[in-house]
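Asker: Take a look at this one; I'll ask things after.
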Amino acid sequence: MLEVNNLTKSYGKLVAVSGVTFRADSGQTIGLLGPNGAGKTTTVSIIAGLLSPDSGEVLIEGKQVKSDTDPVKLKIGLVPQDMALYDELTARDNLTFFAALYSISGAKAKQAIDAALNLVGLSDRASDRVKTFSGGMKRRLNLAAALLHDPQILLLDEPTVGVDPQSRNAIFDNLESLKKLGKTLIYTTHYMEEAERLCDRIVIIDHGKVIADDTLQGLHKLLPITNVIAVELDTADGFKPEQMLALPEVKSATLSQSTLRIGVHDLSRGVPSVLRWLSENGHPYHHIASEQPDLETVFLTLTGRSLRDA
Amino acid sequence: MIPFLALVRKDLKLFFNDRKAVMVGMLVPIVLAAFFGYLFGGQGGNAETSKVAVRVIDQDGSDISRGLITNLSDNKTLDIKPSALDAAREVVRKGKAVAAIIIPKDFGRDAGRALFTGQNKPQLTLLYDPSRNVELSMLKGMLEGAVMQTVSKEMFSGSNGRDLLNESLSRVDSDSRISAEDRKVLHNLLGSVNELNAQRDRDAATGQIPVSAGLTMPYQTHEEAITSGDNVAYNGYAHSFGGMGIQFILFMGLDVGIALLMLRQTGLWQRLRAAPLSRTMLLGSRTVSASLIAGFILFVLFTFARVVFGVHILGSFAGFVGICAAFSLMTAAFGLMVAALGETVEATRGYSIMATLFMVMLGGAWVPTFVFPAWLQKLTVVVPTRWAMDGLDSMTWRGLGFPSALAPIGVLLFFTLLFGVVAVMRFRWSADG
């Protein structure tokens, strides 16, 4: 559906994107994960035809976008990071305008607008001016505006920036609905939990380069630990977690207040070993749980830096 | 076509949605045009203009000095008031009078003698406000005429003048510096004047009307304003509404450019560029919508001017519409050029406001171009607003036909093309700037 091959883009001496390559099959959701300034938006802008790459190519169903009016553009819907709406117009007037940009008018436009408003849950606010909307509602309308021409590929550039958790969940629900409709989603974010929740594959970009491209499970395999055992100790007085590193199954051990977190590579062998050691050494506990390491850990492992600090 | 129409309709909708801005945008040029129109002649073109205030200090007190003051006071353009020297100096300094004329002691006697001999001319002193040179030049011309009339009249008919004439005759006869030939001619001239005065006395005694004495203006003027037709008065509002319309439309064009510059920094621009729209369509639709808005502003202004101030299109209506349309297009292209050349919004706003004000000023939108120096009048033919102003004047109060609109339309379309080409060539299409 979408092939991105070896994209490079520089601004003077600043290399924004260097050799970015990935592909998205039909119906897949690809997460472009990276810190601010990593090159995600530049990559999306090149895919949408807003920027010309210095080298490399973007193929949509095997075809390149060759001109401003190339029909290939009809297969793409862009949800820009900045709100792309006219505040002084009503929601319906906004969508009527954006539909007309794709030569959709009349009954066909009305049908597309009603469907888009319905999907994002704004049908009852269609006649209200956008300036009266909350930030979350604007974000949802921003999404609806990209759906009117029924594109196969949706480019979503940080579509949840600055919205409250409730609106974020509503947008996630919208995107999951679109996934079910078979749309291909390219989703840029620096929120790990969003990528974890939505994406089939995750492309991690840092300093303009792809440093990992895999499924969530595949990315986890890159880590020295695949699971974390969280143990709530009755008391942590005098407990020294580094003592546990003597166990062959334990790869890491940290203590925060009374919660002991132990990284292991094999959960089935690690749990019995850890629990036995705690009992034998007189450290009673009252709760135990296992966690998978998140993308933050993956990013930290791959770059040596925290995603939020990068 | 659907996207093009949608782009134009959206621009118009955004413009008219902001009703307060539309109202203010119309009201301000109307108020300013009404003010300037009143200043430059008003509806009848014969509104009384303010007189030139002049103070006179008469240190002579002779028949000639009194006659001079009377002569000047009879001039409807001047407001002559007698004054003491210090008071007159203070009034001029404060700008309440254009000048003060000091008539020195013995002015009448010396001027009478100098009239025929050209020697020992007395000096009239003018204390003047240096910021009002135009009025000063006018005053000097009037003063020369008044002095010549008053002095010659006294010399040819006044009692003091006769004494001075006889004195001059004696001087001519006895002055060794005058050649024999000149003496003979002057003697005959002054003798003839004496004889003329004697004849006037005899005419008066027999009840005949004597001929006018002294030098007088050898002509009279008949003033006829050349407008679109007989009995059609000049309407100053026609020019002022055209001028203010042009100014505010240019500012509207500027706003279009600035808005486009700002749009490039928003997600809206990305969405527009992501759609399958040509660059011609994006800029062309903006040109059309800006032109329509400009046309609307001109329509409202001239409709108001017609209803309230009686401004009529006395020339070719088609020519008027053509000039308005060409100027509207030029304004839109100017706005696009501003957007194309602009770097940051703030910097662009600064230099484009300056450029706009220059165009307005040099085009004669504030004051007619005839008050400019000659070199500047020639220079302003390269300013498109000059052509728009001249064109609108031609089609409104001058009442000229369609052929007179062709040159302004042609020049304005040339500038439209020029600005448009620069805009297209320099416009940065990439979303990253």
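Asker: List the strands (runs of 3 or more DSSP E) that sit entirely inside the range A:238-310 and contain at least 3 residues that are closer than 15 Å to A:Val228 by Cα and within 28 Å of the chain's Cα centre (by Cα).
Answerer: A:259-264, A:285-291
Asker: Can you tell me which residues in the range B:286-321 are within 30 Å of B:Trp269 (Cβ to Cβ), free of Cβ contacts under 8 Å to residues at least 60 places away in the same chain and not polar (S, T, N, Q)?
Answerer: Scanning the range B:286-321 gives B:Ala294, B:Gly295, B:Phe296, B:Leu298.
Asker: Looking at B:Gly214, B:Gly207, B:Gly118, B:Gly161, which is the one that is surrounded by 12 or more Cβ atoms within 10 Å (Cβ to Cβ), at pLDDT below 80 and either over 46 Å from the mean Cα position of the chain (by Cα) or on the phi > 0 side of the Ramachandran plot (or both)?
Answerer: Result: B:Gly214 is the single residue among B:Gly214, B:Gly207, B:Gly118, B:Gly161 that is surrounded by 12 or more Cβ atoms within 10 Å (Cβ to Cβ), at pLDDT below 80 and either over 46 Å from the mean Cα position of the chain (by Cα) or on the phi > 0 side of the Ramachandran plot (or both).
Asker: Where residues in the range B:385-433 are free of Cβ contacts under 8 Å to residues at least 40 places away in the same chain and charged (D, E, K, R), which of them is nearest to the other protein chains (Cβ to nearest Cβ)?
Answerer: Among those that are free of Cβ contacts under 8 Å to residues at least 40 places away in the same chain and charged (D, E, K, R), it is B:Asp432.
Asker: Here are some residues: B:Ile101, B:Ile69. Which one is part of a strand (DSSP E or B) and either in contact with a helix residue (DSSP H, G or I) (Cβ under 7 Å, 6 or more places away or on another chain) or modelled with pLDDT of 90 or more (or both)?
Answerer: B:Ile101
Asker: Another one. Of the numbered conditions (1) buried (at least 18 other Cβ atoms within 10 Å of the Cβ); (2) without any contact (Cβ under 8 Å) to a residue 24 or more places away in the chain; (3) within 7 Å of chain B (Cβ to nearest Cβ), A:Val72 satisfies every one except a single condition; which is it?
Answerer: Unmet for A:Val72, out of (1) buried (at least 18 other Cβ atoms within 10 Å of the Cβ); (2) without any contact (Cβ under 8 Å) to a residue 24 or more places away in the chain; (3) within 7 Å of chain B (Cβ to nearest Cβ): (3).
Asker: Sort out which residues of the range A:156-173 are among the polar types (S, T, N, Q) and either touching a helix residue (DSSP H, G or I) at 6+ places or on another chain (Cβ under 6 Å) or not assigned by TED's automatic domain parsing to the domain that holds A:Arg140 (or both), and write them in order of number.
Answerer: Matches in the range A:156-173: A:Thr160, A:Ser167.
Asker: Could you tell me which numbered condition B:Gln123 fails, if it satisfies all but one of (1) exposed (fewer than 13 other Cβ atoms within 10 Å of the Cβ); (2) touching a residue at least 24 places away in the same chain (Cβ under 8 Å)?
Answerer: So B:Gln123 meets the others, but not (2).
Asker: Residue check: is A:Ala109 among the hydrophobic types (A, V, I, L, M, F, W, C), in the same structural domain as A:Ile171 (by TED's automatic domain parsing) and in a helix (DSSP H, G or I)?
Answerer: yes
Asker: Test A:Val79 against the stated conditions and say whether it is modelled with pLDDT of 90 or more and either within 11 Å of chain B (Cβ to nearest Cβ) or touching an Asp or Glu at 6+ places or on another chain (Cβ under 8 Å) (or both).
Answerer: When the stated conditions are applied, A:Val79 passes them.
Asker: Provide a single number: the residues in the range B:242-277 that are within 12 Å of another protein chain (Cβ to nearest Cβ) and either closer than 30 Å to B:Phe40 by Cβ or of a type in the set (Val, Ile, Thr) (or both).
Answerer: 1
Asker: Is the range B:128-144 home to any residue that is in contact (Cβ under 8 Å) with a residue 12 or more places away in the chain, of a type in the set (A, V, I, L, M, F, W, C) and assigned to a strand (DSSP E or B)?
Answerer: no
Asker: Oh, and also: For B:Met148, state whether it is touching a residue at least 60 places away in the same chain (Cβ under 8 Å), part of a helix (DSSP H, G or I) and over 16 Å from B:Ile80 (Cβ atoms).
Answerer: Spelling it out, B:Met148 is indeed touching a residue at least 60 places away in the same chain (Cβ under 8 Å), part of a helix (DSSP H, G or I) and over 16 Å from B:Ile80 (Cβ atoms).
Asker: Now a separate question. Which residue is nearest to the other protein chains (Cβ to nearest Cβ), if the candidates are limited to the range A:137-167 and must be surrounded by fewer than 19 Cβ atoms within 10 Å (Cβ to Cβ) and not in a loop (DSSP other than H, G, I, E, B)?
Answerer: A:Ser167
Here is a yes/no grid of residues against (1) within 23 Å of B:Leu14 (Cα to Cα); (2) free of Cβ contacts under 8 Å to residues at least 12 places away in the same chain; (3) crowded, with 16+ Cβ neighbours inside 10 Å; (4) under 28 Å from the mean Cα position of the chain (by Cα):
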| site | (1), (2), (3), (4) |
| --- | --- |
| A:Val65 | no, no, yes, yes |
| A:Pro80 | yes, no, yes, yes |
| A:Thr90 | yes, no, yes, no |
| A:Asp93 | yes, yes, yes, no |
| A:Ala99 | yes, no, yes, yes |
| A:Ser103 | yes, yes, yes, no |
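Asker: I need the full set of residues from the range A:194-212 which are in contact with a Ser or Thr (Cβ under 8 Å, 6 or more places away or on another chain) and part of a strand (DSSP E or B), in order please.
Answerer: A:Arg201, A:Ile202, A:Ile205, A:Asp206, A:Lys209, A:Val210, A:Ile211 - these are the residues of the range A:194-212 that are in contact with a Ser or Thr (Cβ under 8 Å, 6 or more places away or on another chain) and part of a strand (DSSP E or B).
Asker: If the Cβ limit is 6 Å and pairs must be 6+ apart or interchain, which residue in the range B:323-348 that is farther than 15 Å from B:Thr385 by Cβ and in contact (Cβ under 8 Å) with a residue 60 or more places away in the chain pairs with which residue that is assigned to a loop (DSSP other than H, G, I, E, B) and not polar (S, T, N, Q)?
Answerer: Pairs found: B:Ala340/B:Phe427; B:Thr348/B:Gly342.
Asker: Any residue that is at pLDDT 95 or above, assigned by TED's automatic domain parsing to the domain that holds A:Val44 and polar (S, T, N, Q) - is there at least one of those in the range A:94-103?
Answerer: Scanning the range A:94-103 turns up at least one residue that is at pLDDT 95 or above, assigned by TED's automatic domain parsing to the domain that holds A:Val44 and polar (S, T, N, Q).
The values are calculated or read from the model by the stated rules, or taken from the named source; none is laboratory data. Because the structure is a prediction, the values reported are computed rather than measured. Note that we place each Cβ from the backbone using ideal geometry, even for glycine, and neighbour counts take in every protein chain shown.
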